[in-house]
1. Where residues in segment 89-105 are in contact with a Lys or Arg (Cβ under 9 Å, 6 or more places away or on another chain) and away from the ligand (no atom under 16 Å from the Cβ), which of them is farthest from Ala39 (Cα to Cα)?
2. Could you grab me the full set of residues in segment 106-147 that are in contact with a His (Cβ under 9 Å, 6 or more places away or on another chain), within 22 Å of Phe91 (Cα to Cα) and charged (D, E, K, R)?
3. Just checking, which of Val342, Val333, Val320 is under 21 Å from the mean Cα position of the chain (by Cα), at pLDDT 95 or above and open to solvent by less than 80 Å² (accessible area, probe 1.4 Å)?
4. Inside segment 1-51, can you point out the residues that are of a type outside the set (A, V, I, L, M, F, W, C) and open to solvent by less than 10 Å² (accessible area, probe 1.4 Å)?
5. Cβ-Cβ under 8 Å, sequence separation 6+ or interchain: first residue in segment 145-158 and more than 19 Å from Ile179 (Cβ to Cβ), partner part of a helix (DSSP H, G or I) and hydroxyl-bearing (Ser, Thr, Tyr). Which pairs?
6. From Asn321, Asn340, grab the single residue that is free of Cβ contacts under 8 Å to residues at least 40 places away in the same chain, among the polar types (S, T, N, Q), closer than 21 Å to Val233 by Cα and not assigned by TED's automatic domain parsing to the domain that holds Arg234.
7. Out of (1) under 19 Å from the mean Cα position of the chain (by Cα); (2) farther than 26 Å from Ala86 by Cβ, the odd one out for His267 is which?
8. Quick one: Ile57 ticks every box in (1) aliphatic (A, V, I, L, M); (2) modelled with pLDDT of 95 or more; (3) under 20 Å from Ala287 (Cβ atoms) bar one, so which box is it?
Amino acid sequence: MSISLYVHFPFCTNKCHYCDFYKEVHDKPTEAKFYQFLAVELELAIEKISDRTISTIFIGGGTPSLTNLDLFEKFIQQVKQNFTLAPNLEFSLECNPESINLEVLSRLKEIGVTRPTYGLQSFNEKTLKVLGRDHNVHQSQQAIYFTNALGYKTYGVDLIFGVPNQSSKMFSYDVEQLIDLDPPHISFYQLIFEKNTELYERYLNKQIFPLNDDLILAMYKSGCEKFKNAGYVRYEICSFAKPYHECRHNISYWDGSDYLGLGSSAHSFIDNVRFYNSSSLSDYFTALNKRELPRKIDESGIEERIAEAIMLGLRTEWGVNKKKFFKRFEKDVLKYLDENQVERLQQSGHLIVDDEKIKLTDEGFFVIDEVIRLLVK
Ligand code: SF4
């Protein structure tokens, strides 16, 4: 039986203005301590699952490309000693352009990374500044150049849209520059003003203003159209890939497969039990110092799991597969949807329901939040 592995590397040098992910300021002694306890966590966590084959690994953060490569290699060796890795292993690692050079990328490839992903976000220096990113456009282009030069067969890039002061022209330029780089995978996200971020503070202080909903929707539609014309397939609302370059790790989350999450704030889902690690690095260290796993069981009930599975399924191009849903929950998915809305949304051209699946149409994708709100009981 296979499993995916997620590792949360909780350090950044910078604090992007829109980011509410858990992270600590990067320093070398704390990073060394993190790897010391990550090894203990792996040792404790593999009990009962060491017979699994790892199909995908994803190192997220934080900024994993800041990692000490010797410590990272040692950790991956430990993973290899304890698990079988699938021959077609997908091994992704999130990179920030400013912390990447030819030497780092080459070493990551030797260690086994098959799929770097880059938070490029924009090709406009002003937009990068609003976002509080620490890199410039030249560094983004260089990172992709190095990736191609080293012969990585696949990689991904992230682009954000809907940034304050971003005009249609600036947005179109971002999309065109991205397509010009020809990445195999694109994550295309709307900027969200998350609470407890600098962006949100500046919004409360009336220093910046979100773009209006019509412009945001126009940007999303235009991005979808341009990516499609350039040969990308949208396989999830924010994810676009050239054929065979979909992110298998993310697909495993959406289809309810098992995954083990290591590192502070990582989540896991194994044998129908979901648990999450403490998001405080000091609590994480304290628990592991006592050789206890720093995790808590997620007590959410079956109803919440079902609602989540439907929502995640509707975000994908293939929708919710009725048979797979029944196999997973022993329930009929239609029982969890508002019957009248199913009818109405089909008639209005937002939803397709057939013997096999329930999925959104293009029109449905453009108003996905509203469709899900109406549909899921
Ligand atoms: S680099 Fe990534 S994780 Fe770190 S602050 Fe920026 S967006 Fe957040």
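The values are calculated or read from the model by the stated rules, or taken from the named source; none is laboratory data. Nothing here was measured: the structure is a model prediction, and the numbers come from that model. So basically every Cβ, Gly included, is an ideal-geometry build from the backbone, and we count neighbours across all protein chains shown. Just the protein is used for accessible areas: all its heavy atoms, side chains included, with ligands, DNA and RNA removed. Shrake-Rupley method; radii C 1.70, N 1.55, O 1.52, S 1.80 Å.
1. Of segment 89-105, the ones in contact with a Lys or Arg (Cβ under 9 Å, 6 or more places away or on another chain) are 90-93, 96-98.
Subset that is away from the ligand (no atom under 16 Å from the Cβ): 90-91.
Details: Glu90: 21, Phe91: 19 Å.
The qualifying residue farthest from Ala39 (Cα to Cα) is Glu90.
2. Arg115
3. Values: Val342 fails: under 21 Å from the mean Cα position of the chain (by Cα); Val333 fails: under 21 Å from the mean Cα position of the chain (by Cα).
So the residue among Val342, Val333, Val320 that is under 21 Å from the mean Cα position of the chain (by Cα), at pLDDT 95 or above and open to solvent by less than 80 Å² (accessible area, probe 1.4 Å) is Val320.
4. First, pick out the residues of segment 1-51 that are of a type outside the set (A, V, I, L, M, F, W, C): 2, 4, 6, 8, 10, 13-15, 17-18, 20, 22-24, 26-31, 33, 35-36, 41, 43, 47-48, 50-51.
If the condition is that a residue be of a type outside the set (A, V, I, L, M, F, W, C) and open to solvent by less than 10 Å² (accessible area, probe 1.4 Å), then Ser4, Pro10, Glu31, Glu41 are the ones that fit.
5. Final answer for the pair search is Leu150/Ser106.
6. Working: Asn340 fails: closer than 21 Å to Val233 by Cα.
None of the others qualify; the one that does is Asn321.
7. Evaluating His267 over (1) under 19 Å from the mean Cα position of the chain (by Cα); (2) farther than 26 Å from Ala86 by Cβ leaves (2) as the failure.
8. For Ile57, the exception is condition (3).
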